[in-house]
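The next block holds one structure in the form of structure tokens; read it before the comments.
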Amino acid sequence: MIVQVDNPVVEVHDLTVSYDRKPVLWDIDLTLPAGALVGVIGPNGAGKSTLIKAMMDLLPTSSGYVRIFNEPIKQVHKRISYVPQRESVDWDFPASVFDVVLMGRYGNLGLFRGPRKADKDAAMEALEKVNMQSFANRQISQLSGGQQQRVFLARALAQNADVYFMDEPFAGVDIATETAIIELLRQMRAQGKTVIVVHHDLQSAADYFDWVVLLNMRLVASGPTEKVLTQELLEQTYGGKLTVLSKVGDLLRKQEFPARETKV
Amino acid sequence: MQQFWEFFSFADANIRYVTLGSVLLAGSSAVVGCFTLLRKRALVGDAVAHSVLPGVCLAFILSGTKNPLILLLGAFITGWISLIVIDYITSRSRIKEDTAIGLVLSVFFGIGILLLTSIQHSGNAAQSGLDKFLFGKAASLVGEDLIVFGIVAVLLLFTTILFYKELMLLCFDQAFARTIGFPVRALELLLTTLTVLAVVVGIQAVGVVLMAAMLITPAAAARFWTENLKVMLVLAALMGAFSGITGAFVSYTAPAMPTGPWIVLIISMIAILSFAFAPKRGWVARLMRQRRNRALILEENLLKLLFQLGELKQDFETSRSLSDLLERRSIPKRQAIHGLKKLKQQGYVKKKKKRWILTIEGEKRGRRVVRLHRLWELYLTQYLHLASDHVHEDAETIEHIITPELEKRLMEELNYPELDPHSARIP
Ligand SMILES: Nc1ncnc2c1ncn2[C@@H]1O[C@H](COP(=O)(O)OP(=O)(O)O)[C@@H](O)[C@H]1O
Ligand SMILES: [Mg+2]
């Protein structure tokens, strides 16, 4: 069940990603429509974060390519935005909430330039959207998990991008924050933005997303939510590990084999 | 003492140069060190510091002079190579970074010592003074050396300020930096180069053995005092500069003394003091906070006791004796007296003929503690479904930390209750 779309925002072609020569994602081939809220769903260790990172060109790929707006990522930095997993940074860093949100403007500024007044306005506006304006001067080391997530979201909003990639924005946040975030994502969709969200709660997935990508080392499904969230496909995604696939991966690593013959 | 004035009047041009040099060297490496520390690359600094020694020696052997530019170049090259080797080992083998660092550090330093020893035994008269690279000698920072090293130090400071925003993002969130199109590889290279340069210029004053301390310690100390990166940079620079001056002074008064250990000793003292006395993050501040909390708990418990007695007897006008209080709750007697005296000073209780009575304000505060206690018990039984005989202990602590906002929220969520789980009235 892999539905391809015309004029995709994101096109992933035959993508294989390995760590230390062991492939953790095999031959992913998918396209995502514009203006959709896309959920990337799969069990722990399925490679969801890996897929997002590979899409953002943060990882070397063993094969395949990614196009965003039909361009390689290097051409479209200003139109994309990445919200990493909250745990990926050390929050005990000497910076205030406002400093971090302002980082969302750095891409537009270019090297050497300091933030201008307009950038500060944009950062403050982004903070207001996530309801954190009163925390602007707070040290980031004092934030709760939900607040950290909001700060990361505000930083992304300040970027004013067209496609957003978010890695588990709902992980470890309270209900109030989750509701606020999903509301925000819906507003973004209404403005024609595309939002791709890694998510692990099946219950809410049907409600949140209009396009779902099911992933477990390989692509199980990609398509409109109602077609993809079926008993059968979910069983394929969550039912047991593909032992042969991961055994072959182990072999590739041990033998120091390339994943593709042409890439040694 | 006389030497002290001689030195710090800066009348002697030589002293001025030496001081300026030490301040620049120590200050610039401290600033670069802030980013090295935040990037969690403290150990790398150590590896570089030890790896510049073979470079210095080789440069001397090949050129036969002690021209600072040439020595600096040699140091820079081997320092750089050591980092590339570490990177190569970590990315191409299963050896972890710390092991790779240890390996590279000892191999390079070993070779450096070997070369240094052979130079010293070669009978080359020009070699005298090369060994100051081991432990450093601020007083030898004169003339040509000073100019070269000073320029590099200023360059370091300037570059760090120019790339402030980029380096900050690199240290905080490298992945994000890449997605917005920052040239992360180039920035990493820049920070590496800055680190190597900082080490290279610093060794003249501190020596290779202790240079890593000069890079990291001021940054670590400064971190204790502030939550603002800019302030941290300035503080680290000041701390570095101060220890640099001290080193220069020692070098001046006791020419036989190696400077490096002195500089590092001073900066380490500053770090230890910071660790102990910095507000908020420091050890003493934490102790004080705990003490304050204990005092607060004691005071509020006493107010609560007095209030409960009044509530029980339906009479807040009568004064109570200490034993009345201690009967209901065992508080060590000395602590109780101390707490009551403090409450009297603060105007929450009055003392009448060795007996104690709440003032109006004291009654209010006591009532609030009792209310919070009972509210919390109710909250636990209603929302966490705990049995009513299990909630008292918990409420004993929570009653002291609930803020007025939280109190309001509690009241709302519990629908402005009248009675607690033990059917006592919530005042
Ligand atoms: N840096 C890494 N080095 C080696 N293996 C990794 C690394 N990151 C992730 N993996 C492995 O890749 C697989 C997919 O990980 P990940 O993409 O984080 O999964 P998910 O986000 O779906 O939980 C896991 O088996 C994980 O152990
Ligand atoms: Mg993940």
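The values are calculated or read from the model by the stated rules, or taken from the named source; none is laboratory data. Because the structure is predicted, anything quoted here is derived from the model rather than measured. Positions of Cβ are generated from backbone atoms using ideal geometry, with glycine treated the same way; all protein chains shown enter the neighbour counts.
Looking only at the stretch A:170-197, how many residues end up being within 14 Å of chain B (Cβ to nearest Cβ) and either within 16 Å of ligand 2 (Cβ to nearest atom) or surrounded by 22 or more Cβ atoms within 10 Å (Cβ to Cβ) (or both)? Counting residues in the stretch A:170-197 that are within 14 Å of chain B (Cβ to nearest Cβ) and either within 16 Å of ligand 2 (Cβ to nearest atom) or surrounded by 22 or more Cβ atoms within 10 Å (Cβ to Cβ) (or both) gives 1. So which residues in the stretch B:148-196 are in contact with a Phe, Trp or Tyr (Cβ under 7 Å, 6 or more places away or on another chain) and modelled with pLDDT under 90? Correct list: B:196 only. Of note, residue A:49 does not satisfy the criterion of being over 17 Å from the mean Cα position of the chain (by Cα), within 13 Å of ligand 1 (Cβ to nearest atom) and closer than 18 Å to residue A:219 by Cα.
Of all the residues in the stretch A:189-210, those that are of a type in the set (S, T, N, Q) and closer than 16 Å to residue A:79 by Cβ number 2.
Kindly evaluate residue A:167 against the criterion of being crowded, with 23+ Cβ neighbours inside 10 Å, touching a residue at least 24 places away in the same chain (Cβ under 8 Å) and not small (Gly, Ala, Ser).
Considered against the rule, which asks whether it is crowded, with 23+ Cβ neighbours inside 10 Å, touching a residue at least 24 places away in the same chain (Cβ under 8 Å) and not small (Gly, Ala, Ser), residue A:167 comes out as yes.
Quickly run through the stretch B:345-354 and pick out the residues that are more than 23 Å from residue B:427 (Cβ to Cβ) and surrounded by 13 or more Cβ atoms within 10 Å (Cβ to Cβ). The answer is B:351, and nothing else.
All of A:84, A:43 fail the test of being surrounded by fewer than 18 Cβ atoms within 10 Å (Cβ to Cβ) and within 16 Å of ligand 2 (Cβ to nearest atom), apart from A:43. In this structure, does residue B:133 turn out to be farther than 30 Å from residue B:12 by Cα and either away from chain A (no Cβ under 14 Å) or free of Cβ contacts under 8 Å to residues at least 12 places away in the same chain (or both)? So residue B:133 does not fit the description; no.
Scanning the stretch A:190-219 for residues that are farther than 16 Å from residue A:162 by Cβ, away from ligand 1 (no atom under 12 Å from the Cβ), of a type outside the set (S, T, N, Q) and outside any strand (DSSP E or B) yields A:201, A:202, A:205, A:206, A:207, A:208, A:209, A:210.
Number of residues in the stretch B:165-181 that are within 7 Å of chain A (Cβ to nearest Cβ) and out of contact with any His (no Cβ under 8 Å at 6 or more places or on another chain): the value is 8. Taken together, B:105, B:169, B:116 contain a single residue that is crowded, with 19+ Cβ neighbours inside 10 Å, under 27 Å from the mean Cα position of the chain (by Cα) and in contact (Cβ under 8 Å) with a residue 40 or more places away in the chain, which is B:105.
Name every residue in the stretch B:182-218 that is in contact with an Asp or Glu (Cβ under 7 Å, 6 or more places away or on another chain) and within 14 Å of chain A (Cβ to nearest Cβ), in order of residue number.
Across the stretch B:182-218, the qualifying residues are B:182, B:187.
Considering the stretch A:165-181, and only residues there that are among the β-branched types (Val, Ile, Thr) and modelled with pLDDT of 85 or more, the residue that is farthest from residue A:155 (Cα to Cα) turns out to be A:179.
Residue by residue, here is whether (1) part of a helix (DSSP H, G or I); (2) among the hydrophobic types (A, V, I, L, M, F, W, C); (3) in contact with a Cys (Cβ under 7 Å, 6 or more places away or on another chain) holds:
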| site | (1), (2), (3) |
| --- | --- |
| B:234 | yes, yes, no |
| B:237 | yes, yes, no |
| B:272 | yes, yes, no |
| B:292 | yes, no, no |
| B:300 | yes, no, no |
| B:303 | yes, yes, no |
| B:317 | no, no, no |
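State whether one or more residues within the stretch A:52-59 are at pLDDT below 95 and in a strand (DSSP E or B). No, the conditions are met nowhere in the stretch A:52-59. Does any residue of the stretch A:144-151 turn out to be of a type in the set (A, V, I, L, M), away from ligand 1 (no atom under 16 Å from the Cβ) and in contact (Cβ under 8 Å) with a residue 40 or more places away in the chain? Taking every residue of the stretch A:144-151 in turn, at least one turns out to be of a type in the set (A, V, I, L, M), away from ligand 1 (no atom under 16 Å from the Cβ) and in contact (Cβ under 8 Å) with a residue 40 or more places away in the chain.
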